[in-house]
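The values are calculated or read from the model by the stated rules, or taken from the named source; none is laboratory data. Since the structure is predicted, the reported quantities are computational estimates derived from the model, not experimental observations. All Cβ positions, even for glycine, are placed from backbone atoms using ideal geometry, and neighbour counts span all protein chains on display. Heads up: the accessible areas ignore ligands, DNA and RNA and are worked out on the full protein's heavy atoms, side chains in. Shrake-Rupley method; radii C 1.70, N 1.55, O 1.52, S 1.80 Å.
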Amino acid sequence: MINRILCIGAGYVGGPTMAVIAKHCPNVQVVVADINPDRVAAWQSGQPPIFEPGLQEIVKISLGRNLRFTGDVDHEIGEAEMIFVSVNTPTKTFGQGAGRAADLQYWEKTARSILRHARRPVIVVEKSTLPVRTAEAMERIFKNRRQGQRFEVLSNPEFLAEGTAITDLESPDRVLIGGAETPAGQAAIGELVDIYARWVPRERILTANVWSAELSKLAANAFLAQRVSSINAISAICEQTGADILSVARAIGTDRRIGAQFLRAGVGFGGSCFQKDILNLVYLCEHNGLPEVARYWEAVVTLNQHQKERFVRRMIRVMFNTLAGKRIALFGFAFKANTGDTRESPAIQICQELLAEQAHVCITDPQALEGARQIFGASSDRVMFEPDPYKAAEGAHAVALLTDWAEYRTLDYRRIYAAMEQPAFLFDGRNLLDPEELHRIGFNVYTIGRPDRTSL
Ligand code: NAD
Ligand code: UGA
């Protein structure tokens, strides 16, 4: 039985996952180690460095009891029986495979640290999303083991979504564990199954071989992102033909074989993983001599890019072909609601394109304003940051709603309209608001894949 777990990487995955494990396994010591001292200090103080509904409460349950955060990665490796590796695996920006392949430098450093500092048999669990057959590469590194060391590598990809991480972890659709088809591999799988089985029903814990587990994670994200690009592609047709994307999504989503989720058209998907994991899949296909399969998946990313460009192009067109000197209020900067995460947020590209048109951009967001400042704070004196959406819209020619925060539904749009330049434009990039109502107030309203409501 495992008594001591270490997780390397205290990010969006490592922190919440370990907090939930610690809650359900009070007799297991759970340590989360990270090289970023600010992140460690924040977690250890009980104020997580990331915004995630319900997270702080979960951390508080176990902090100081059986949950601890530390910067001393090497020492903790020596104490651990099971080590989750949950470091970042961004897209490579240099050399071979740049812009496609996963950058595995953080992951490999971790594998080498484990080899150097492990003092007992260890089960190493890949939690990060990694290219297929990475576990095998890890095993090759571990072949240089010293006497007394023994390593078993499992793949246990994480399927949580930001904004719902705690409910996803508490009640997952499935937990997937891949391991070697050897007696030692099966025993290691058994140890990890025993951990999850404390709160996840056994029938939802799936086991597989390692590379099936690794590929399942890339495939799941590719399928989800593909749905978003598919509905966004249909939204473009709606805008040309007068069909309404909400009616179309409802009509196709009621087919049980298709299902209703992930059919919300918008400004495109963002987040740290969809694009990175698809590009990783594309690279994998190219590497394995499957160019047609690579192009198929690449189209999901191309369409996503197109959706963002289309959004700005329409803004320019309907606002009399010029945005120069005009103030645009961006409602939302996070890549989705209920997170402060701005990684790959559609708002980044949209803001860049508006700035290229010489617009003045005022960004507001309930959780991601600091993230926005880090990206655009130093880049231009035409970007402003304003926590209050009413003030952000003051004197603006247009509001562009980019994140589906529920609070944007209940704002007083009469008040917003009255403080704006006329004619006032509202671009709802998430189909969050009632276009009829906004039009009655006086706005010229443009949505995604729905008929325009304008008085021009
Ligand atoms: P993150 O950037 O938030 O966290 C990674 C952490 O690892 C950082 O705090 C970093 O300082 C730390 N780190 C890097 N190298 C280290 C080292 N050598 N030793 C100790 N710490 C180190 O990333 P994340 O969003 O948590 O994602 C982690 C992995 O999980 C990625 O592979 C991602 O694809 C995958 N994933 C993410 C999500 C999500 O919703 N964010 C969901 C499922 C899977
Ligand atoms: C996604 C997956 O949903 C998780 O299962 C996975 O674990 C995770 O990626 C990961 O590997 O990192 P996440 O990116 O946090 O989770 O959030 P999603 O809810 O999937 O949304 C992704 C993007 O798609 C957001 O920008 C969202 O606004 C957009 N989206 C989603 C739409 O535009 N329409 C939809 O119908 C659904």
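Taken over segment 369-383, the criterion of being touching a strand residue (DSSP E or B) at 6+ places or on another chain (Cβ under 7 Å) and among the charged types (D, E, K, R) is satisfied by 373, 382.
Let's see how each residue does on (1) under 16 Å from residue 448 (Cβ atoms); (2) more than 11 Å from ligand 2 (Cβ to nearest atom); (3) at pLDDT 95 or above:
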{"residue": "235", "(1), (2), (3)": "yes, no, yes"}
{"residue": "246", "(1), (2), (3)": "yes, yes, yes"}
{"residue": "249", "(1), (2), (3)": "yes, no, yes"}
{"residue": "255", "(1), (2), (3)": "no, yes, yes"}
{"residue": "260", "(1), (2), (3)": "no, no, yes"}
{"residue": "267", "(1), (2), (3)": "yes, no, yes"}
{"residue": "314", "(1), (2), (3)": "yes, yes, yes"}
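All conditions in (1) within 26 Å of residue 317 (Cβ to Cβ); (2) in contact (Cβ under 8 Å) with a residue 40 or more places away in the chain hold for residue 406, with the sole exception of (1). The number of residues in segment 207-221 being in contact (Cβ under 8 Å) with a residue 60 or more places away in the chain and crowded, with 19+ Cβ neighbours inside 10 Å comes to 6. Residue 224 meets each of the listed conditions (1) in contact with a Gly (Cβ under 8 Å, 6 or more places away or on another chain); (2) farther than 22 Å from residue 428 by Cα; (3) assigned to a helix (DSSP H, G or I) apart from (1). The set of residues from segment 395-429 being over 22 Å from residue 163 (Cβ atoms), charged (D, E, K, R) and either in contact with a helix residue (DSSP H, G or I) (Cβ under 9 Å, 6 or more places away or on another chain) or modelled with pLDDT under 95 (or both) comprises 412, 414, 415.
Across segment 29-78, the number of residues qualifying as within 15 Å of ligand 1 (Cβ to nearest atom) and under 30 Å from residue 149 (Cα atoms) comes to 19. Of the helices (runs of 4 or more DSSP H) lying entirely inside segment 1-85, not one is found with 3 or more residues being open to solvent by 40 Å² or more (accessible area, probe 1.4 Å), under 25 Å from residue 366 (Cβ atoms) and charged (D, E, K, R).
Pairs linking a residue in segment 293-305 that is β-branched (Val, Ile, Thr) to a residue that is in a helix (DSSP H, G or I), with Cβ atoms under 6 Å and 6 or more positions apart or on different chains, are 293/285; 300/225; 300/226; 300/229; 300/278; 301/275; 301/278. In the set (1) within 16 Å of ligand 2 (Cβ to nearest atom); (2) over 18 Å from the mean Cα position of the chain (by Cα), residue 228 fails one condition alone, (2). Once segment 272-317 is narrowed to residues that are part of a helix (DSSP H, G or I) and of a type in the set (S, T, N, Q), the residue that is surrounded by the fewest Cβ atoms within 10 Å (Cβ to Cβ) is 302.
Quick check on segment 349-393: of everything there that is among the β-branched types (Val, Ile, Thr) and open to solvent by less than 30 Å² (accessible area, probe 1.4 Å), which residue is nearest to ligand 2 (Cβ to nearest atom)? Once the filter is applied, the top-ranked residue is 350. One residue stands out among those in segment 318-336 that are closer than 17 Å to residue 432 by Cβ and part of a loop (DSSP other than H, G, I, E, B): the one that is farthest from ligand 2 (Cβ to nearest atom), which is 333. Scanning segment 231-260 for residues that are in contact with a Leu (Cβ under 9 Å, 6 or more places away or on another chain) and open to solvent by 70 Å² or more (accessible area, probe 1.4 Å) yields a single hit, 250. Please determine whether any residue of segment 403-424 is within 20 Å of residue 455 (Cα to Cα), out of contact with any Asp or Glu (no Cβ under 8 Å at 6 or more places or on another chain) and among the acidic types (Asp, Glu). Yes, there is a match, as at least one residue in segment 403-424 is within 20 Å of residue 455 (Cα to Cα), out of contact with any Asp or Glu (no Cβ under 8 Å at 6 or more places or on another chain) and among the acidic types (Asp, Glu).
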